[in-house]
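One structure below.
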Amino acid sequence: MLGFLTARQAGLDDPLRLRRAESTRRVLNLELNHDRDVARIHSNGINTIDIEVIEGRYMLSGGADGVIVVYDLENNSRKPQYTCKAVCTVGRSSRYVHRFSVETVQWYPHDTGMFVSSSFDKTMKIWDTETLKPAEVFQFEGNVYSHHMSPIAMKHSLIAVGTKDQKVQLCDLKSGSRIQVLQGHRGEVLSVRWSPRYEHILATASTDSRVLVWDVRRASGSLFSLDQHNGDKSKTSSDAVNTAHNGRVNGLCFTVDGLYLLTTGTDDRMRLWNSANGKNTLVNYGKVSNESRKGLKITVSRGCSPEFVFVPCGSSVAVYALHTGELVTMLRGHYNNVDCCQFHPDYQELYSGGKDCNILAWVPVLRPPDMEGEGTAAKGGSQAMVNHAFEDAWSSDED
């Protein structure tokens, strides 16, 4: 680390290199924070969480009890031990509360004054954060598994919605109506994700084992269907359609730059795809346990080198190196299955929610202070504890 600092001060390195090195170190040192609690509001499992990107301060959660909670993650107590309190709640006593399980919540990408929720009560609601009243309610014919707003769109205000129906619905925030239907799946649509690189590109995953990539400006169907075999007909029957997994596909996540797409399926596999041409990169993540019949919320790191992916795996969160497939660590702390996780890029923290009704905070462990001037024995003992990557290469023991 001292080497990175010196190179930055001398102008030899881009400052981004130091930032990436420190961000990577922090992610590799994630541990359950015993000093930070998140107020326990939900009476049933937590299906979804989302952290707004404007201030990085407020977090949404949606539970199987139909309740939606807004938390303040900032520590205003000036004490190391604190609880992230609920700022406001759409509880069971509210006339606007969802009647059944909330499956997805998402902040409006450009303003914290609005957020969107969808539920098994066959509705998607657009909420005013100030009044906690829905400004618009979209009704559907089946359970809503997933919805997503584009994080970068400037030319449209579409929300993609995956439901029990085979058709993907596109709802327009401006007009308050469903304006387009995407047909191609043969089963329930469990997950939908807009590309963070191109605002008209959408990926959808279904129980039919397929992942379709769409350009919503085209009316002729999907751009392509992801094929786990990359067109090798010897591994599948010639008349079979392309499949991304050998089971239900219930998890989708683009990398931050939008160049790659991650998918998870009930065949206990996770795959990394080139989002430009739909090719399977053949990264082997090993067995990734996945028995969820609904959508699985996975997330990726941001600003690290290499990048990491966080996947709910039973009662743990598995952390994998994105491009090598190496299992880095398992974050254990929940008492029941984990259903969702969200990475906080500002502080390299992770939040996870599970069926035990808890939201846990995973934070980087601080480095112990360097021991200097403690004598030769103490110096030798402290060096054994310091990672070689952070040792300087210019000083000597004779100084």
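Here are the numbers for the structure shown:
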quantity: HN-Hα J in Hz across region 158-166 - Karplus 6.51, -1.76, 1.60, θ = phi - 60°, x for Gly and Pro; calculated: 8, 10, 7, 10, x, 10, 5, 6, 6
quantity: Area accessible to solvent at CYS88, 1.4 Å probe radius, in Å²; calculated: 30 Å²
quantity: Solvent-accessible heavy-atom area per residue, rounded to whole Å², over region 111-229 at 1.4 Å; calculated: 41 Å²
quantity: Bins of 5 Å, starting at 0 and running to the largest distance - Cα pair percent for region 148-292; calculated: 2, 10, 20, 23, 22, 13, 6, 3, 1, 0
quantity: Spatially proximal lysines relative to LYS355 (Cα-Cα < 21 Å; intrachain offsets below 8 disregarded); calculated: LYS85, LYS294, LYS297
quantity: Rounded Å value of the spacing that divides the Cα centres of region 42-92 and region 287-329; calculated: 22 Å
quantity: Overall Cα dimensions of region 268-364, principal axis frame, Å, largest first; calculated: 40, 32, 21
quantity: Cα-based convex hull, region 27-161, per residue volume (Å³, whole number); calculated: 134 Å³
quantity: Nonlocal amide H pairs with SER206, under 5 Å, H built at 1.01 Å; calculated: LEU190, VAL249
quantity: Within the accessible area of the chain (1.4 Å probe), percent carbon and sulfur; calculated: 46 percent
quantity: The chain: calculated mean residue ellipticity at 222 nm from DSSP helix runs of at least 4, using -39500 (n - 2.57); calculated: -2500 deg cm²/dmol
quantity: Region 320-367: chymotrypsin sites (Phe, Trp or Tyr not before Pro) falling in loop per DSSP and having at most 10 other Cβ within 10 Å; calculated: TYR335
quantity: Antiparallel content of DSSP bridges confined to region 16-166, in %, to 5; calculated: 90 percent
quantity: Euclidean distance between Cα centres, region 93-129 to region 186-260, Å; calculated: 26 Å
quantity: Within region 47-134, GluC sites (Glu not before Pro) in DSSP loop having at most 14 other beta-carbon neighbours inside 10 Å; calculated: GLU55, GLU74, GLU130
quantity: Residue among PHE120, ILE49, PRO345 farthest towards the positive dipole end of the chain, charges placed on Cβ; calculated: PHE120
quantity: Local electrostatic count, LEU350, Cβ distance below 11 Å [Lys/Arg +1, Asp/Glu -1]; calculated: -1
quantity: Modelled FRET efficiency - R0 41 Å, LYS155 with TYR82, Cβ distances, 0.05 increments; calculated: 0.45
quantity: 12 Å beta-carbon shell around ILE54, net charge (K/R +1, D/E -1); calculated: -3
quantity: Highest-fluctuation residue, ALA64, ALA240, ALA39 considered, GNM on the chain with Cα pairs under 10 Å; calculated: ALA240
quantity: For THR131, solvent-accessible area (1.4 Å; no DNA, RNA or ligand), Å²; calculated: 80 Å²
quantity: Label of the coordinate-derived value, Cα Rg over 2.2 N^0.38 Å, listed as (i) 0.91; (ii) 1.06; (iii) 1.01; calculated: (ii)
quantity: Share of alpha-carbon pairs per 5 Å distance bin for region 50-128, given as whole %; calculated: 3, 16, 25, 23, 16, 10, 5, 2, 0
quantity: Cα-centred dipole magnitude for region 57-157, charges only on beta-carbon of K, R (+1) and D, E (-1), debye, nearest 20; calculated: 260 debye
quantity: Assigned charges on the beta-carbon of Lys, Arg, Asp, Glu; region 5-104 dipole about Cα centre (debye); calculated: 160 debye
quantity: Area accessible to solvent at HIS34, 1.4 Å probe radius, in Å²; calculated: 150 Å²
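The values are calculated or read from the model by the stated rules, or taken from the named source; none is laboratory data. What you are looking at is a predicted structure, and each value in this text was computed from that prediction instead of being measured. For neighbour counting, all protein chains shown are included, and Cβ atoms are generated from backbone atoms with ideal geometry for every residue, glycine included. Quick note on the areas: whole protein, heavy atoms, side chains included, nothing else; ligands and nucleic acids left out. Shrake-Rupley method; radii C 1.70, N 1.55, O 1.52, S 1.80 Å.
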